[in-house]
Amino acid sequence: MRSTFYIPLIMGLLVQFSCKKSEPGEIKDYSVDQFADVEILRYEVPGFESLSLQQKTLIYYLNEAALQGRDILFDQNYRHNLLIRKVLETIYIHADVQRTTSDWKAFETYLKRVWVSNGIHHHYSTDKFIPGFSRDFFLEALGNIPADSLPLQTGETVGMLAEKLLPILFDPNVDAKRVNQKEGEDLIATSANNYYQGVTQSEVEAFYDALKNPNDPQPVSHGLNSRLVKEDGRIVEKVWKADGLYGSAIQAILFWLDKAEKVAENPQQTQVIHQLMDYYRTGDLKTFDDYCISWTQDTASLVDFVNGFTETYGDPMGMKASWESIVNFKNVEATKRTEIISSNAQWFEDHSPIDPTFKKETVKGVTAKVITATILGGDCYPTTPIGINLPNSNWIRRDYGSKSVTIENITEAYDAAAQGSGFSEEFIWDDAERKRIQTYGFLTDNLHTDLHECLGHGSGKLLPGVDPDALKAYGAPIEETRADLFGLYYLADPIMVELGLVPDMEAYKAQYYKYLMNGLLTQLTRIEPGNLIEQAHMRNRALITRWVLAKGKADNIVELRKRDDKTYVVVNDYEKLRNLFAQLLVEIQRIKSTGDFDAAKKLIESYAIQIDPVLHKEILDRYNALNLAPYKGFVNPVYTPVLDADGNIVDVHIRYDEDYTQQHLRYSRDYSTLPIWN
Ligand code: ZN
């Protein structure tokens, strides 16, 4: 599972509460590029230089393994993505065309968007985006390239290639959506992803229902690592493994994992890497579970990583996992914060305002740490989560727990890049709020995420006999609401000062204000005019903030106030605001614990979906005037091993000077591990 988009990614914050933040380093300009709806940032890897040579070497090998799977994700997202990327990059490098025209500019933007989305469908909405350049430009550019530079199949002419690609690129009705989740439609036939070929939704359901044994207490994740296809009338799984589908990419990953295994930090980590390699060789899902258990139990290593078929958001059936990788090491100083929270988990549960019958007698603390990412790969690149909680298997989580991480050098990059963006001047009511957010915002934002992840999701219990899926489609936003409210409630508790997590009782107000401003106003910048609020985390924020706005009306606790025709959030009483959060937490926990579907539906439908079109337009206009991009992506640092005369690694250097286009062209040159046609 991955955690929510970082809330302050659209905030303009000066970070001043620096005791929890790493020292400023080499990066002068965090913003690297901006196009369409994306801004590309750089992130720093503080502390890398002071790692041991063994740790640096291990990270270097794991980083290489993380880059070798890039092609897999492109192919998983859409069957023609690798061909399209190759054609576009060939045009970019070789085409003999005017490079100052609006067509060229639009072409550059399109190519950059394909890199951001790992394909031709938007990384977030999953809708296909249409080129801004003309068909004529495309044909002219293709025609100006020596045919032997183009990826042509035997016998194929440039004209045939163009004919094949034109509808794929330009016709909005061809493969329009990567992941379609509209109820009532065949979700397989109407989704353009490459997880299924030639099968219908009912065939998929029948195939996997036959594999499942409802009495198995430790079921494997059926379908996780394969494409399901119909061949000669038979339905077969093509497994992603060293001698199967994606074999050449997996072998390249194995090459580097093999080196990593030899420099692992300890026997437990050696076993983790070893089991992962076994799994990549065999594709055996039982071996994958063994690996997941070992990985969950490895809490002693400083260096850690994810490398594999992990999250299932790209499959409308929620079975097939996209390939991703992230390599990281523990931020020991910042992890003290999450350790304090985790080790007091029972105290937090006992003192929560919810009805005692819904409380857990014994809370299992979640292993939580703050990490520094060294590389982002696959589905974590270039857009990345800020927190990850794995493994996903329910029974492994139940029996062995899970690891929850917050990626703090990424959140630091968001904050650093937002400095001077004009956002806080535009949307925050006055200097007092701005100053408070400047002083405490980075800290309280991270703390809210920690409380949400380490404690919020794990607190409370269902009454006996209540179906965990009782809330159905309302389950996800209600669950996120519960975790967010748990965090909001405790941020303002004196315990936070006592535990040394915040310096004083002013700090929480920074997060309260930001949270309300985001939920009531600025998160609307992520939604197109005329659309509703759909995403679970956005619904949860709308529910909480609109509910407290409505319930606090009589006492004027929170209000939306106008100045010069602009709408602002004004908080008149922070203590009473906390009481409102507590009241709503009590009700949300009751809904969850008793499975009260009707109450969940009523809350979500009343507060979390509709948007006032006048307010929406105002927020979009103000936001657009700032020329800010609602989505962020990243470039990775460049790592270079320093070798002695015998070829041994004696150091690993890190650089932050590669730009976005250079990085992708280099990755395509050095890490193209799959054939273009398969
Ligand atoms: Zn959550």
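FYI, it's all coordinate maths here, none of it is from the lab. Keep in mind it's a predicted model, so treat the numbers as computed, not measured. Here the Cβ positions follow ideal geometry from the backbone for every residue, glycine too, while neighbour counts run over all protein chains shown.
Taking segment 415-441 and a reference point 7 angstrom along Cα→Cβ of Asp504, the backbone N atoms nearer than 15 Å belong to 432-433, 435-441.
The slack between Val570 and Gln181, meaning 0.36 nm per residue of separation minus the straight C-alpha distance, is 136.3 nm.
When both segment 508-584 and segment 253-271 are represented by their alpha-carbon centers, they are found 48 Å apart.
Average projection, convex hull of the Cα set of the chain: 30.9 square nanometres. Here segment 623-678 and segment 354-421 have alpha carbon centers that stand 24 Å from each other.
Note on the chain: with charges restricted to the Cβ of Lys and Arg (+1) and Asp and Glu (-1), its dipole about the Cα centre is near 880 debye. When the charge dipole of the chain is built from unit charges on Cβ atoms (+1 for Lys and Arg, -1 for Asp and Glu) and taken about the Cα centre, the candidate among Phe634, Val332, Gln511 whose Cα reaches farthest toward its positive end is Gln511.
Each stretch of four or more DSSP H residues adds -39500 (n - 2.57); spread over every residue of the chain, this sum gives -14000 deg cm²/dmol at 222 nm. Secondary structure note: in the chain, about 75% of the DSSP beta bridges are antiparallel. Each 10 Å bin from zero up to the one holding the largest Cα-Cα distance in segment 588-631 carries the following percent of pairs: 23, 29, 21, 23, 5.
Rounded to the nearest 20 debye, the dipole size of segment 128-243 about its Cα centre is 220 debye, using +1 on the Cβ of Lys and Arg and -1 on the Cβ of Asp and Glu. Between Ala473 and His94, the distance separating the two model label sites (each 7 Å from Cα on the Cα→Cβ line) works out to 4.8 nm. A crude spin-label estimate for the pair Asp284 and Leu532, with each label 7 Å from Cα along the Cβ direction, gives 4.8 nm. Computed with the Debye formula from one identical point scatterer per Cα of segment 341-500, without solvent, the log10 of I(q)/I(0) at q = 0.08, 0.10, 0.17, 0.19 Å⁻¹ comes to -0.30, -0.46, -1.21, -1.38. Here Ala625 and Asp646 are evaluated by their C-beta separation; at R0 = 56 Å the FRET efficiency comes out at 0.40.
With the simple spin-label model, which puts each label point 7 Å out from Cα in the Cβ direction, the Ser52 to Thr190 separation comes to 5.6 nm. Can you tell me the FRET efficiency between Phe207 and Asp355 if r is taken as the Cβ-Cβ distance and R0 is 45 Å, rounded to the nearest 0.05? The calculated FRET efficiency here is 0.55. So, R0 is 41 Å and r is the distance between the beta-carbons of Asp127 and Ala162; what FRET efficiency does that work out to, to 0.05? That gives a FRET efficiency of 0.95.
Seen from all directions on average, segment 303-382 presents a Cα convex hull projection of 7.9 nm². Once the chain from Thr362 to Gln662 is taken as fully extended at 0.36 nm per residue, the excess over their C-alpha distance is 102.8 nm. Extension gain for Ala432 to Ala582 (0.36 nm times residue separation, less C-alpha to C-alpha distance): 51.5 nm.
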